[in-house]
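A.B. asks: Just dropping this structure here.
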């Protein structure tokens, strides 16, 4: 509340509360990982969830081209006036190599907020903020449009991992620089992003691009579902 | 209960579980109308099917589906008055495979039986596999009516300011309340703290929990106007309280006006002394020194 | 403007109905009236001030510098300031990233028009100041940049074009100016409500929009960037893929009218 409150002494960083001798069994299972075969231009992906200890949910998605870590913090209290629903904030961060300019990353981040505002069940989280951090650790693609589908995917999986309620799983697909993010099995678009090239939206091209994106989205989504359900069985 | 067997067992966010209404005939040839309502981890959403819009219950979490019966829907003489008794009588949960012919709960209306079923999604418990309460952190934000455990941070004549440590019977999210109740190790400038100080003003400070306040007239149920906060709470006390309302932007409004609500842990001499024990509902005593202090205590049992 | 729940619901229903009714009675493709003044800043090469009917106001100033284009690749640079916002706030960074992409060399503005000699070119600096804005200002900014660039006059070159052999700096005429002949793209903001789509949403319309679109138009066709835009955080939702196509068609259809109107000031 006031400045002094924030500066409370927190004790040493590794201080732990007393754990009573009960349920807490150390997790012995290895982290879940899944390799997915290469098909239809989908790069082979390795997905791991629950990799960061002190956040509510996290996901690592890797392929030959990139490695993206997403962590979800919250819902936690926010300051300021009353809000009857949750507020999402997303931050994108360059890896070691400063590939993208900050304002470009912020533009992508605010675009992503739009997507997740429409799929997260925000009414459940009054007065709270959900903070999402996306770290583009390795990126050899040099084109953020190619990366966006996986940023959306990893954010979505991290949200599932954190147990935040979502109306639908969403992920994006990229064809010729057109990035489309779908929900409801491809019936609805929640986000569209195009940075390069002309829009050739005569009826035929539009239908074909939409169809191919939808197909890719369905592939990605079944990948996510498989991963989630498999992790659940273990 | 053949209906429920074709429900998906394990669901992921966005997966359809069931329609809002369903019907079935039992052995006696009676119609049973099931009305499904949303529990935790589900949401009623509209789906466009051909040209009509259908409402269906959709999962919003990853986990197992659980179907339990809600208490009594009454239909009296054609007049449709639905009364759900929410607050009293916790009837034992009827999970899908248990014996559901609990006719006492089922009101007959002509030859039709209406049963209200609550569909919820139970998450895996990351921390303890065999927990008795199914409560991964999930959605444990304090709601109206919830019992919360709080710590008093500041008192004034009119109110006591508290921070909410936990919602009773719910787990604490891994990242919240570092310094007050968390167990994780936080790197300097890590987590969301990094963003809060400079860029986004929306997210909370690292280690800051939800705040609440107990107004003096909400401390106890009797003689509300004569309550002295100083004789009820001291900073550092652990107080069990109930959420009255979501309050304003900063604070939840809480009350301790019930026998089982009030101070549960307190240390003597403003925290310098030892742990005290409740003598009666407004006195606590430190066994080592024998000195008593005034508090609004919660009934321990 | 803060609307009550009842007002929003009324507004949403009227916008989502078929045919839709906009609160100010406009057609789906109709803009609100705007006022534009150009060339009023004496110290810049071109300037414009645009005032929308809701009181949104934006000033653009164009300045230029002679640079060696073999070294300097970016010949257009946009800087955006929004009154009352920090330079690192999301709205400012997002808008400047968007406008820089829109005007990116070779795609948005024909950089051959900026070339002076074989070695040197003009570099254009576009400074945008948003004095007040009540709805998403991307359209306003791009109209303002468009009219400022159309009104820009740069010094006339008097030295020879071929300066690769002879080492000399470009020389300019003392009085004569040449009008800069470029066709900058225009940015359109569209709002999606239910199954309807509108150009130039007013602030009350953005509050109930299910989604928004940013569409860039140049020389009769729609170009990138095109993207969705969350106009509020309450009503935001998915939309029918066909609306994307409809929105782009709408812009394609009426973009030329807007450009003509802006050009014939």
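A.B. asks: Just checking, which of A:146, A:106 is surrounded by 20 or more Cβ atoms within 10 Å (Cβ to Cβ) and either more than 30 Å from residue B:162 (Cα to Cα) or in contact (Cβ under 8 Å) with a residue 40 or more places away in the chain (or both)?
C.D. replies: Numbers: A:146 fails: surrounded by 20 or more Cβ atoms within 10 Å (Cβ to Cβ).
After ruling out the rest, the residue left standing is A:106.
A.B. asks: Listed residues A:147, A:169; which is closer than 16 Å to residue A:47 by Cβ and in a loop (DSSP other than H, G, I, E, B)? It would help to see each step written out before you state the result.
C.D. replies: Values: A:147 fails: in a loop (DSSP other than H, G, I, E, B).
Just a single option satisfies the conditions, and that option is A:169.
A.B. asks: Just to be sure, is residue A:129 in contact with a strand residue (DSSP E or B) (Cβ under 9 Å, 6 or more places away or on another chain), touching a residue at least 40 places away in the same chain (Cβ under 8 Å) and in a strand (DSSP E or B)?
C.D. replies: Details: in contact with a strand residue (DSSP E or B) (Cβ under 9 Å, 6 or more places away or on another chain): yes; touching a residue at least 40 places away in the same chain (Cβ under 8 Å): yes; in a strand (DSSP E or B): yes.
Spelling it out, residue A:129 is indeed in contact with a strand residue (DSSP E or B) (Cβ under 9 Å, 6 or more places away or on another chain), touching a residue at least 40 places away in the same chain (Cβ under 8 Å) and in a strand (DSSP E or B).
A.B. asks: Separate question: Which one of the conditions (1) within 24 Å of residue B:249 (Cα to Cα); (2) over 13 Å from the mean Cα position of the chain (by Cα); (3) not in a helix (DSSP H, G or I) does residue A:123 fail to meet, given that it meets all the rest?
C.D. replies: Here residue A:123 meets the rest and fails (3).
A.B. asks: Same structure again: Assuming residue A:214 fulfils every condition listed in (1) surrounded by 24 or more Cβ atoms within 10 Å (Cβ to Cβ); (2) at pLDDT 90 or above apart from one, which condition is it?
C.D. replies: (1)
A.B. asks: Just to check your reading of the model, which residue among C:92, C:78, C:60 is in a strand (DSSP E or B) and within 14 Å of chain A (Cβ to nearest Cβ)? Walk me through how you get there before you give the answer.
C.D. replies: Values: C:92 fails: in a strand (DSSP E or B); C:60 fails: within 14 Å of chain A (Cβ to nearest Cβ).
That would be C:78, the only listed residue that is in a strand (DSSP E or B) and within 14 Å of chain A (Cβ to nearest Cβ).
A.B. asks: Which one is nearest to residue A:206 (Cα to Cα) among residues in segment C:203-216 that are more than 10 Å from chain A (Cβ to nearest Cβ) and in contact with a strand residue (DSSP E or B) (Cβ under 9 Å, 6 or more places away or on another chain)?
C.D. replies: Just the residues of segment C:203-216 that are more than 10 Å from chain A (Cβ to nearest Cβ), to begin with: C:203-209.
Then keep just the ones that are in contact with a strand residue (DSSP E or B) (Cβ under 9 Å, 6 or more places away or on another chain); that gives C:205-206, C:208-209.
Details: C:205: 28, C:206: 27, C:208: 28, C:209: 24 Å.
Filtering segment C:203-216 for residues that are more than 10 Å from chain A (Cβ to nearest Cβ) and in contact with a strand residue (DSSP E or B) (Cβ under 9 Å, 6 or more places away or on another chain), the one nearest to residue A:206 (Cα to Cα) comes out as C:209.
A.B. asks: Kindly check whether there is at least one residue in segment B:217-232 that is within 14 Å of another protein chain (Cβ to nearest Cβ) and surrounded by 14 or more Cβ atoms within 10 Å (Cβ to Cβ). Before the answer, list the steps.
C.D. replies: Taking segment B:217-232 first, the residues within 14 Å of another protein chain (Cβ to nearest Cβ) are none.
No - not one qualifying residue is present in segment B:217-232.
A.B. asks: Looking only at segment A:174-190, which residues are assigned to a strand (DSSP E or B) and either within 17 Å of residue A:114 (Cβ to Cβ) or within 11 Å of chain C (Cβ to nearest Cβ) (or both)?
C.D. replies: Filtering segment A:174-190 down to residues assigned to a strand (DSSP E or B) leaves A:174-175, A:178-183, A:188-190.
Correct list: A:178, A:179, A:180, A:181, A:182, A:183, A:188, A:189, A:190.
A.B. asks: Looking only at segment C:1-33, count how many residues are part of a helix (DSSP H, G or I), over 28 Å from the mean Cα position of the chain (by Cα) and surrounded by 12 or more Cβ atoms within 10 Å (Cβ to Cβ). Spell out how you get there, then give the answer.
C.D. replies: As a first pass, look at segment C:1-33 and keep what is part of a helix (DSSP H, G or I): C:5-16.
Filter again for over 28 Å from the mean Cα position of the chain (by Cα), leaving C:5-10, C:13-14.
Subset that is surrounded by 12 or more Cβ atoms within 10 Å (Cβ to Cβ): C:7-10, C:13-14.
Of the residues in segment C:1-33, 6 are part of a helix (DSSP H, G or I), over 28 Å from the mean Cα position of the chain (by Cα) and surrounded by 12 or more Cβ atoms within 10 Å (Cβ to Cβ).
A.B. asks: Related question: Being out of contact with any strand residue (DSSP E or B) (no Cβ under 9 Å at 6 or more places or on another chain), more than 26 Å from residue C:89 (Cβ to Cβ) and either modelled with pLDDT under 90 or assigned by the TED database to the domain that holds residue B:168 (or both), is that true of even one residue in segment B:253-268?
C.D. replies: As a first pass, look at segment B:253-268 and keep what is out of contact with any strand residue (DSSP E or B) (no Cβ under 9 Å at 6 or more places or on another chain): B:259.
Remaining after also requiring more than 26 Å from residue C:89 (Cβ to Cβ): B:259.
Narrowing further to those that are either modelled with pLDDT under 90 or assigned by the TED database to the domain that holds residue B:168 (or both): B:259.
Among the residues of segment B:253-268, at least one is out of contact with any strand residue (DSSP E or B) (no Cβ under 9 Å at 6 or more places or on another chain), more than 26 Å from residue C:89 (Cβ to Cβ) and either modelled with pLDDT under 90 or assigned by the TED database to the domain that holds residue B:168 (or both), which makes the answer yes.
A.B. asks: Let me ask something additional. Cβ-Cβ below 7 Å, separation at least six or inter-chain, first residue in segment A:158-172 and more than 7 Å from chain B (Cβ to nearest Cβ), second assigned to a loop (DSSP other than H, G, I, E, B): which pairs?
C.D. replies: Listed by first residue and then by second, the contacts come to A:161/A:50; A:162/A:56.
A.B. asks: Regarding segment C:81-89, can at least one residue be identified that is under 30 Å from residue C:248 (Cα atoms) and modelled with pLDDT under 90? Let's see the steps before the verdict.
C.D. replies: The initial filter retains those residues of segment C:81-89 that are under 30 Å from residue C:248 (Cα atoms), namely C:81-82, C:89.
Those left that are additionally modelled with pLDDT under 90: C:89.
Within segment C:81-89, one or more residues are under 30 Å from residue C:248 (Cα atoms) and modelled with pLDDT under 90.
A.B. asks: Still on this model: Under the condition of being facing another protein chain (nearest Cβ under 7 Å) and in a loop (DSSP other than H, G, I, E, B), which residue from segment C:217-233 is surrounded by the most Cβ atoms within 10 Å (Cβ to Cβ)?
C.D. replies: Residues of segment C:217-233 that are facing another protein chain (nearest Cβ under 7 Å), as a first pass: C:221-230, C:233.
Add one more test, that the residue is in a loop (DSSP other than H, G, I, E, B), and what stays is C:230, C:233.
Details: C:230: 24, C:233: 16.
Here the residue is C:230.
A.B. asks: Next question. When you scan segment C:85-124, how many residues do you find that are out of contact with any strand residue (DSSP E or B) (no Cβ under 8 Å at 6 or more places or on another chain) and farther than 16 Å from residue C:140 by Cβ? Working first, answer last.
C.D. replies: Residues of segment C:85-124 out of contact with any strand residue (DSSP E or B) (no Cβ under 8 Å at 6 or more places or on another chain): C:85-86, C:88, C:90, C:93-94, C:97, C:106, C:110, C:112-113, C:118.
Narrowing the set further to residues that are farther than 16 Å from residue C:140 by Cβ leaves C:86, C:88, C:90, C:93, C:97, C:106, C:110, C:112-113, C:118.
So the count comes out to 10.
A.B. asks: Sticking with this structure for a sec: Please give the strands (runs of 3 or more DSSP E) falling wholly within segment B:226-301 in which 2 or more residues are over 24 Å from the mean Cα position of the chain (by Cα) and touching a residue at least 12 places away in the same chain (Cβ under 8 Å). Please lay out each step first, then the result.
C.D. replies: Numbers: elements: B:238-245, B:251-255, B:262-265, B:277-280, B:283-285, B:292-294.
Counting at least 2 such residues, we get B:277-280, B:283-285, B:292-294.
A.B. asks: Another question about this same structure. Could you list, in sequence order, the residues of segment C:182-210 that are crowded, with 22+ Cβ neighbours inside 10 Å and on the phi > 0 side of the Ramachandran plot?
C.D. replies: Residue satisfying the conditions is C:200 alone.
A.B. asks: Taking the condition of being in a strand (DSSP E or B), within 14 Å of chain A (Cβ to nearest Cβ) and in contact with a helix residue (DSSP H, G or I) (Cβ under 6 Å, 6 or more places away or on another chain), how many residues in segment B:1-44 meet it? Walk me through how you get there before you give the answer.
C.D. replies: To start, the set of residues in segment B:1-44 that are in a strand (DSSP E or B) comprises B:10-11, B:16-19, B:21-25, B:31-38, B:42-44.
The next check asks that each one be within 14 Å of chain A (Cβ to nearest Cβ); those that pass are B:10-11, B:16-17, B:38, B:42-44.
Next cut, in contact with a helix residue (DSSP H, G or I) (Cβ under 6 Å, 6 or more places away or on another chain) only: B:10.
The qualifying residues number 1.
A.B. asks: Across segment A:121-131, what is the total count of residues that are more than 7 Å from chain B (Cβ to nearest Cβ) and either touching a helix residue (DSSP H, G or I) at 6+ places or on another chain (Cβ under 6 Å) or within 16 Å of residue A:80 (Cα to Cα) (or both)? Full working, then the answer.
C.D. replies: Keep residues of segment A:121-131 that are more than 7 Å from chain B (Cβ to nearest Cβ), which gives A:122-123, A:130.
Imposing the further condition that a residue be either touching a helix residue (DSSP H, G or I) at 6+ places or on another chain (Cβ under 6 Å) or within 16 Å of residue A:80 (Cα to Cα) (or both) reduces the set to A:130.
Final tally of qualifying residues: 1.
A.B. asks: Looking at C:122, C:146, can you tell me which residue is assigned to a helix (DSSP H, G or I) and touching a helix residue (DSSP H, G or I) at 6+ places or on another chain (Cβ under 6 Å)?
C.D. replies: On the way: C:122 fails: assigned to a helix (DSSP H, G or I).
On inspection, the qualifying residue turns out to be C:146.
A.B. asks: Read through the list (1) surrounded by fewer than 17 Cβ atoms within 10 Å (Cβ to Cβ); (2) more than 11 Å from chain C (Cβ to nearest Cβ); (3) within 25 Å of residue A:104 (Cα to Cα), then give the number of the only condition that residue A:196 fails.
C.D. replies: Of everything listed in (1) surrounded by fewer than 17 Cβ atoms within 10 Å (Cβ to Cβ); (2) more than 11 Å from chain C (Cβ to nearest Cβ); (3) within 25 Å of residue A:104 (Cα to Cα), residue A:196 misses just condition (2).
A.B. asks: Right, another one. For segment C:34-54, what are the residues that are in a loop (DSSP other than H, G, I, E, B) and either touching a strand residue (DSSP E or B) at 6+ places or on another chain (Cβ under 8 Å) or not assigned by the TED database to the domain that holds residue C:131 (or both)?
C.D. replies: We begin by selecting, within segment C:34-54, every residue in a loop (DSSP other than H, G, I, E, B); these are C:39-45, C:53-54.
Across segment C:34-54, the qualifying residues are C:39, C:40, C:41, C:44, C:45, C:53.
A.B. asks: Moving on to the next point. Conditions first: (1) under 26 Å from residue C:224 (Cβ atoms); (2) crowded, with 19+ Cβ neighbours inside 10 Å; (3) modelled with pLDDT of 90 or more. Residue C:125 passes all but one, so which condition is the exception?
C.D. replies: For residue C:125, the exception is condition (2).
A.B. asks: Among the listed residues B:98, B:128, identify the single one that is at pLDDT below 50, assigned to a loop (DSSP other than H, G, I, E, B) and within 13 Å of chain A (Cβ to nearest Cβ).
C.D. replies: Details: B:98 fails: within 13 Å of chain A (Cβ to nearest Cβ).
Checking each option against the conditions leaves just B:128.
The values are calculated or read from the model by the stated rules, or taken from the named source; none is laboratory data. Values in this document were obtained by computation on a predicted structure and should not be read as measured data. Heads up, the Cβs are rebuilt from the backbone with ideal geometry, glycines too, and the neighbour counts pull from every protein chain shown.
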